[in-house]
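Working notes, structure below.
The values are calculated or read from the model by the stated rules, or taken from the named source; none is laboratory data. The structure presented is a predicted model; accordingly, all values stated were derived computationally and were not measured. Positions of Cβ are generated from backbone atoms using ideal geometry, with glycine treated the same way; all protein chains shown enter the neighbour counts.
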């Protein structure tokens, strides 16, 4: 029986698959820390001096603004990335924006809820901006991998964790 190399068994035998896996892994750090932990910091520190209800409303408003901007920009960014061949440029730009906004959160002090909300909005845009052109739902990705995305299989890492057929379709 022939021994299959580890990267091939993991579905990471091509450089672009490894690059996507690394991006997806690094992106998970933002979602795990900023989306899960930052709301607590926002309410208890950044919005100090106001009631919890007001702080929660302000954070919810910032989240809504960020998601609305992302929803409006995503189709435009996806079209630009697919047709102008700027996928890597847009990915790098938005990763830089997300990193800068997240690093800027270090400077949020007590009562600075406006700065916290602005950095949260910009960080969300930075992290979500490159997704339309790099995820399996883009037209180019489907053509290259012969895979049709479904909401239940939104990212290669989620699919890989379940051990499904994503690895086989990207060969």
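When the stretch 38-51 is limited to residues that are touching a helix residue (DSSP H, G or I) at 6+ places or on another chain (Cβ under 6 Å) and farther than 20 Å from residue 103 by Cβ, the one that is surrounded by the most Cβ atoms within 10 Å (Cβ to Cβ) turns out to be 47.
Looking only at residues of the stretch 115-134 that are touching a helix residue (DSSP H, G or I) at 6+ places or on another chain (Cβ under 6 Å) and at pLDDT 95 or above, we find that the one that is surrounded by the fewest Cβ atoms within 10 Å (Cβ to Cβ) is 122.
In the stretch 23-37, the count of residues that are assigned to a loop (DSSP other than H, G, I, E, B), surrounded by 12 or more Cβ atoms within 10 Å (Cβ to Cβ) and in contact (Cβ under 8 Å) with a residue 60 or more places away in the chain is zero.
Do we find that residue 80 is loosely packed, with under 12 Cβ neighbours inside 10 Å and either out of contact with any strand residue (DSSP E or B) (no Cβ under 8 Å at 6 or more places or on another chain) or in a helix (DSSP H, G or I) (or both) in this structure? Here the answer is no, as residue 80 does not meet what is asked.
Residues in the stretch 2-22 that are assigned to a loop (DSSP other than H, G, I, E, B) and on the phi < 0 side of the Ramachandran plot: 2, 3, 4, 5, 10, 12, 13, 14.
For the stretch 93-114, the condition holds for no residue, the condition being that it is loosely packed, with under 11 Cβ neighbours inside 10 Å and modelled with pLDDT under 90.
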